[in-house]
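I have placed the structure first, in the form of structure tokens, so that the comments after it can refer back to it.
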Amino acid sequence: MGDLFIVGLAGFLASFVDGALGMGFGPTSSSILLARGFSPAIVSTIVNLAKVATGLSAAAAHWKFRNIDRRLVLKLAIPGSLGALVGVTILTNVDGNKLKPYLAVLLLLVAIRILARFSNLPSRPAGADEDSLPTYDERGTIPTAAIGGVTNGMVGAWGPVVTPFLLHKGLAPRFAIGSVNTAEVAVAVVASGSLLGSIGGGGVDFGIVLAMLIGGVIASPIAAWSIRFMPARALGLAVGALLLTTNVRELSNWADLGAPRWFGYAAIAVVTTLAAYRPRIAERRRLGLDPAAA
């Protein structure tokens, strides 16, 4: 029961982060489950099954708060689903133990991408000022969604690939996050269905799936409401630091590192601190002041 409570709490936190930032559920959940010793294929199956239910809850909440562009949802969901099939194919045809360190490296790259995105984000509520869908540059949306589908099929990482791309293209945060969360439902259905068809349901602990579902479904409407008021920058930096720490630990265990792993943890603290102070350092440089005094 204690383990199920921890997984349910992880599902709540991961779903809250995902609903508020448009990313984080898959990488966070995958990191926790891989650290618990589950095989990559089982982890992806559990995470994507949980994503279906939490995604439906999040989509309903985002629809209620008018955070969705329906045309964009379709534009993301179709190539994303095709990409998920590619990711699942890779995952089910490579030995899980050999794949784990590579997945940890992939999750580290996802964490760095999250840190880079939120290190330069204004510290204000995501999407609080936008009331209507603005024009934005749509070029590259389809291939980006396909790449996001591949990473989702492997480690559940859909949002960290697609959401920053849309934000960079000028789409208002609330519509980017709401549309990405909604399209994720279709991608997760395809990924989990393909994985169950390939590996069967025997290795899946449905108690863990249920615990993640309960925690995630409770968090989804709270996140969809709070997206208008919560400063996204601090939360994004915290998620990036969490993923870095979890996967540095995973790689350290794989390489059987002892004391040297603490250099990795120290590097995480330095990188996260630099990301947190990046706007202040950039402003001081613009004003011709000494960045070290920031």
Where is the GNM fluctuation largest for the chain (alpha-carbon springs, 10 angstrom cutoff): Pro260, Pro221, Pro160? Pro260
Reported to two decimal places, what Rg/Rh ratio describes the stretch 143-283 when computed on Cα atoms with Rh from the Kirkwood expression? 1.00
Could you check the spin-label model distance between Arg66 and Phe206? Points 7 Å from the Cα along Cα→Cβ, value in nm. 4.1
Let me know the Rg and Dmax you get for the chain when you use only its Cα atoms, in Å. 18.5, 62
Compute the distance in nm between two label points, each set 7 Å from the Cα along the Cα-to-Cβ direction, one at His168 and one at Trp225. 3.5
Solvent-accessible heavy-atom area per residue, rounded to whole Å², over the chain at 1.4 Å: 44
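Which percent of the accessible heavy-atom area of the chain goes to carbon and sulfur, probe 1.4 angstrom?
Details: 8780 of 13050 Å².
For the chain, the apolar C and S fraction of the accessible surface comes to 67 percent.
Anything over 28 Å Cα to Cα? Flag those among Lys51/Lys169; Lys98/Lys169; Lys75/Lys98, in the order listed.
Numbers: Lys51/Lys169 26 Å; Lys98/Lys169 37 Å; Lys75/Lys98 34 Å.
Too far apart for the 28 Å limit: Lys98/Lys169; Lys75/Lys98.
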So if R0 is 35 Å, what FRET efficiency would Ser198 and Ile112 give, r being the distance between their Cβ atoms, rounded to the nearest 0.05? 0.70
Take each complete run of DSSP H in the chain, measure how far its Cα atoms stretch along the helix's own axis, and keep only those covering 18 Å or more with mean Kyte-Doolittle hydropathy at least -1.0; list them. 2-21, 40-64, 70-92, 96-119, 141-155, 173-199, 206-226, 232-254, 261-286
For Ala267 and Thr135, FRET efficiency with R0 = 35 Å and r from the beta-carbon atoms, rounded to 0.05? 0.30
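The values are calculated or read from the model by the stated rules, or taken from the named source; none is laboratory data. The shown structure was predicted, so the numbers you read here are calculated from the model rather than taken from an experiment. Note that we place each Cβ from the backbone using ideal geometry, even for glycine, and neighbour counts take in every protein chain shown. All accessible areas refer to the heavy atoms of the entire protein, side chains included, with ligands and DNA or RNA removed. Shrake-Rupley method; radii C 1.70, N 1.55, O 1.52, S 1.80 Å.
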